[in-house]
Amino acid sequence: MDESVDPGFGEIMAARLRDLMDAAPVVAFVKDPAGRYLYANPYLLAIFGERMGSDWYGKTDEDIWPAEVAALLRANDQAVLGEHGLRVFAQEMPLTAGAHRLLMLKFPLATGGPEINLGGLGVDLTERSRAEVERDQLAIAVEQAAESIMITDLEARISYVNPAFERVSGYTRAEVIGQNPRLVSSGLQPPAFYEAMWAALTTGVPWVADFINRRKDGSLITEEAVITPIRDGAGAITGYVAVQRDVTAERALLERSAQFAHERALIADTIRNLGRHDTPEQTAQAMCRQVLSLAGITAAQFFLFELDGRAMPIGFVVAGQPDPPLRRLPFQRSRHLRERAAEGPWIEPWLNRPWHPYNQLLNELGVHTVAYAPVRHDQRLIGVLVIDADSSLEQAGLIETLPALVEFADLAGALIGRDVLERTEVRRGRDHMRSIIAERAFKPVFQPIVDLELATVVGYEALSRFADGVPPDERFSEAAALELGHELELATLEMALDAAQALPAGAWLNVNVSPGLILSGKPLQALIRGYGGRLVLEVTEHAAIADYAALLAAMGRLGPNVEFAVDDAGAGFASLRHILELRPAFVKLDRWLIADIKSDEARQAMIVGLSHFARETGCRLIAEGIETADELAVLRALDIHLGQGYLLGRPAVLPPGRATGGAPG
């Protein structure tokens, strides 16, 4: 050492170097040859403090880092100490908040003795790496953005466009770099528009507006643009960036919405002008008249699908002409319309069809294209609304009109659908019921009524069985709802009385009749007048009787050979009132009283009470639905004398054998 140098100079310089490292924004440390930390500056501790802890002094990397990281650090240290030279290392240091990337300079550090320590300096490249990543991600985002992006300098020269710009405009990047954006201008916007834009941009205010531009192929495009000044770090404007989105379709929809508003106004006007009590035909004609107000429409028709499958117009309006006569479409054309309408609205060209009832009219009108919209009610297809357009309305225009047509069709379904369906269903039901009656699609069967003491057949109940298997009670209820109940009753009674001529001599015949048929008077009187046997008319307890006096008078007019029974006692509408008011010769106990009678004392008590009641009022009880020997035994024990049921005999077309009992009385 130079003796002229103050011995304390080295210590002073070391202290100053330490002060420098303590304040420097770099990693600095010293380790002894064993790898123990002797010094770590505040920057290092700030970064790695969570790993090193407050007791870091004297720790080794093995005490601080995961084994694989510590082994790598230790190998680097040994290489430096072994070679006695400088080495630079790049190292990823794992931390909870994320890895830090360091560029490390390691070097041997003399101690003044035989030992050589290890010194190290490091630059944290993490933030720089993150900035680079963010910059790369931003570049990728701009390149992959769906919106067109253009950057210009202060002189409005294009310096960058992204791939979306190339795709939308049709120009390549090479074709537009250095060009003015007016390259894509359509010239349809006035100079004042651009003057206002530059006035805003040059004062630092973003500009938002729709630009009508022209693609390279000459087609027009509407783009919603946001143009923003670009500023440098000092705040000075250095250029402009424009982000543009293709809104051609959206703006077309806005224009279309104005047309929709007009169409909805027509619909609202239709509703206002419809009378509360208008018929479906009047409503359909009013609909067609309003639909005709749509642009380019020559004629409008409203077809309903009838029971026979044919399409019948109930509305037809032609522009500037009297309303045409209404004629059904041929069956094949009707079937096509029905099948196609089931799939939804559609458009098709008009073809010359000589067989079509309106072919000449539509050809004279110059009809070119036809649009159809199904009319539904409760999801059921009931008809189709049709508009005819001439060649002045292109197919694209008719397509735009189709939604309005669908709205009119939906409105029509809501307004007249219920009436149409009811009319159709009633007509269909009546036609079907009339065919059942006309074709005699039923037959009578007879179930024996047995004297339980003598085990002999004393009478029969006539029942109806329908060819299609529908239960009789459902069929008669259906006929009543269609106002054909009396017709069906008379038809089944007529067939039953004819077949009853073959019954064994002396057996009485029970038939079911409604109070309404009895009150009808002459039709029933004429029917039973020719029957020579003894007849019992069963009035079901399920039927309501509004006027017992009138019913009794009508019953009296049927003659002395006709007696009455109250059916289904205990299960029906009027409980005991029918019995008290009508004073029948028989009361038939419903099956529900008979079921489980052996084990049900309450049922037994009720039947005993009814038996006592019958004796006091002079009528006889008939137990229905006897199906087991136990039920039969209990009924006999309870002094019930008459019964019927599967145990005693099932309903049959011709009853077996001859009755051995007598007439009722």
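The values are calculated or read from the model by the stated rules, or taken from the named source; none is laboratory data. These numbers come from a predicted model, not from an experiment. So basically every Cβ, Gly included, is an ideal-geometry build from the backbone, and we count neighbours across all protein chains shown. With ligands, DNA and RNA removed, areas are computed over all heavy atoms of the protein, side chains included. Shrake-Rupley method; radii C 1.70, N 1.55, O 1.52, S 1.80 Å.
Miscellaneous remarks
- As a rough guide to protection, the peptides 342-355, 166-179 ranked by mean Cβ packing within 10 Å, highest first, stand as 166-179, 342-355.
- Contact order normalised by residue count of the chain, Cα under 8 Å, 6+ apart, percent: 6 percent
- Averaged over residues, the count of other Cβ atoms within 10 Å places the peptides 471-479, 448-456 in the sequence 448-456, 471-479, highest first.
- Theoretical FRET efficiency, 1/(1+(r/R0)^6), r = Cβ-Cβ of SER185 and ALA236, R0 25 Å, to 0.05: 0.35
- Summed over the residues of the chain and divided among them, the accessible surface reaches 51 Å² per residue at a probe radius of 1.4 Å.
- Here the chain has 55 percent of its accessible surface on carbon and sulfur atoms, given a 1.4 Å probe and all protein chains in place.
- Cα-based equivalent ellipsoid of the chain: semi-axis lengths in Å, sorted from largest, via gyration tensor: 101, 50, 19
- Computed label-point distance, nm, for sites ARG328 and THR172 using a 7 Å Cα→Cβ extension: 6.9 nm
- The helix-only estimate of mean residue ellipticity at 222 nm for the chain, built from DSSP H runs of length n ≥ 4 each weighted as -39500 (n - 2.57), is -13000 deg cm²/dmol after division by the residue total.
- A Förster distance of 30 Å, applied to the separation of the beta-carbon atoms of ASN363 and GLU407, puts the FRET efficiency at 0.55.
- Cβ-derived FRET efficiency at R0 51 Å, ASN352 paired with ARG215, nearest 0.05: 0.80
- Ranked by how many other beta carbons lie within 10 Å on average, peptides 375-384, 48-57 from highest: 375-384, 48-57
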